[in-house]
1. Within the range 47-71, track down each residue that is polar (S, T, N, Q), farther than 19 Å from residue 108 by Cβ and not in a loop (DSSP other than H, G, I, E, B).
2. Please verify whether the range 66-74 includes one or more residues that are under 27 Å from residue 146 (Cβ atoms), touching a residue at least 40 places away in the same chain (Cβ under 8 Å) and touching a strand residue (DSSP E or B) at 6+ places or on another chain (Cβ under 9 Å).
3. Search the range 182-207 for residues being under 27 Å from residue 286 (Cβ atoms) and part of a loop (DSSP other than H, G, I, E, B), and hand back the single one that is most open to solvent (accessible area, probe 1.4 Å).
4. Scanning the range 115-125 for residues that are more than 13 Å from residue 57 (Cα to Cα) and touching a helix residue (DSSP H, G or I) at 6+ places or on another chain (Cβ under 8 Å), which turns out modelled with the lowest pLDDT?
5. Go through 86, 38 for me and flag whichever is surrounded by fewer than 18 Cβ atoms within 10 Å (Cβ to Cβ) and modelled with pLDDT of 90 or more.
6. For the subset of the range 255-279 comprising residues that are of a type in the set (A, V, I, L, M, F, W, C) and crowded, with 17+ Cβ neighbours inside 10 Å, which member is nearest to residue 216 (Cα to Cα)?
7. For residue 175, only one of the following conditions fails: (1) in contact with a helix residue (DSSP H, G or I) (Cβ under 9 Å, 6 or more places away or on another chain); (2) open to solvent by less than 20 Å² (accessible area, probe 1.4 Å); (3) over 28 Å from residue 98 (Cβ atoms). What is its number?
8. Would you pick out the residues in the range 72-83 that are farther than 19 Å from residue 98 by Cβ and not in a loop (DSSP other than H, G, I, E, B)?
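The values are calculated or read from the model by the stated rules, or taken from the named source; none is laboratory data. Since this is a predicted model, take the numbers as computed values, not measurements. Virtual Cβ from ideal backbone geometry, glycine too; neighbours counted across all protein chains shown. Note: accessible area is taken over every heavy atom of the protein model, side chains too, but ligands, DNA and RNA are not part of it. Shrake-Rupley method; radii C 1.70, N 1.55, O 1.52, S 1.80 Å.
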Amino acid sequence: MTLKSAHDFSSLTDVVIVGGGLAGLFCALKLAPRPVTVISAAPLGEGASSAWAQGGIAAAVAEGDSAESHAADTIAVGGGIVDERVALALAREAGARIHDLLQYGVPFDRDLEGRLAVGREAAHSARRIVHVQGDRAGKAIIAALIEAVRRTPSIHVIEGYVAEALLTEGDAVTGLQLRKAGDAVAAPVIVPSRAIVLATGGIGHLYAITTNPVEASGSGLAIAARAGAVIADPEFVQFHPTAIMAGRDPAPLATEALRGEGATLINGKGERFMLARDPLAELAPRDIVARG
């Protein structure tokens, strides 16, 4: 639904999720049937980085693969800064989250025997990437989650409002300050809430060139920091190592799945330069490919 006036905000539930991308929508669905309100600056799915994702999702769902192997691959290419407990916990949950997405209607590719089809991408020792129509996973996942959210009666959606600040009393967050998107002189709207989830996306557009949507401005981190939250690891910025120099911002990207299926990187001299940088060449971790 779209609210028409400030008066409509008086009936909000005690759980408010800021962000209409994959994280916000998935959170809302997992909280159902608990009443939840999702606030999105744009129509659901628009401006969400996940909708642009061409690659798939890594999960140890294939026969012979394991969460332990997935975690070990993650740790091996993490530059010595991976929290090993967290890596293993995420890898162990990945398969269940894929099945959640299947239940929400995501049409992951399957092989001739009906099993989930898995591909290989950089830094993985096994084929464990699930895709949708090859390189349309992000768009398909967002579309399926939006449809699932729209048909879930416990989820209310407010589109066209931007979160500006968290309201606090002592050490507690008590609400949210919103403003109508695109209207800098509109009166702010105060939303009381007992629980707020910030799922506002990344910070790509703090940089001169990025493959992220313009909405990835870091506003959620700023709101949290101003309210006193401790910001961990802000240097971990989502990026893509093979952007295309087309004079556009955001820059279009060449999907990582291309290298997973054997594509090579050639420099301006016609040289395949990654062979000299890492034994995995084009399948090296993102940071190594980006430096190359």
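1. Correct list: 49, 69.
2. The first filter runs over the range 66-74 and keeps only residues under 27 Å from residue 146 (Cβ atoms), leaving none.
No, the conditions are met nowhere in the range 66-74.
3. Checking each candidate, the answer is 207.
4. Residues of the range 115-125 that are more than 13 Å from residue 57 (Cα to Cα), as a first pass: 115, 123, 125.
Subsequent filtering for residues that are touching a helix residue (DSSP H, G or I) at 6+ places or on another chain (Cβ under 8 Å) retains 123, 125.
Numbers: 123: 83, 125: 92.
Here the answer is 123.
5. Details: 38 fails: surrounded by fewer than 18 Cβ atoms within 10 Å (Cβ to Cβ).
Going through 86, 38 in turn, just one is surrounded by fewer than 18 Cβ atoms within 10 Å (Cβ to Cβ) and modelled with pLDDT of 90 or more: 86.
6. Checked the range 255-279; the qualifying residue nearest to residue 216 (Cα to Cα) is 257.
7. Failed condition: (1).
8. The first filter runs over the range 72-83 and keeps only residues farther than 19 Å from residue 98 by Cβ, leaving 72, 75-83.
Result: 72, 75, 76.
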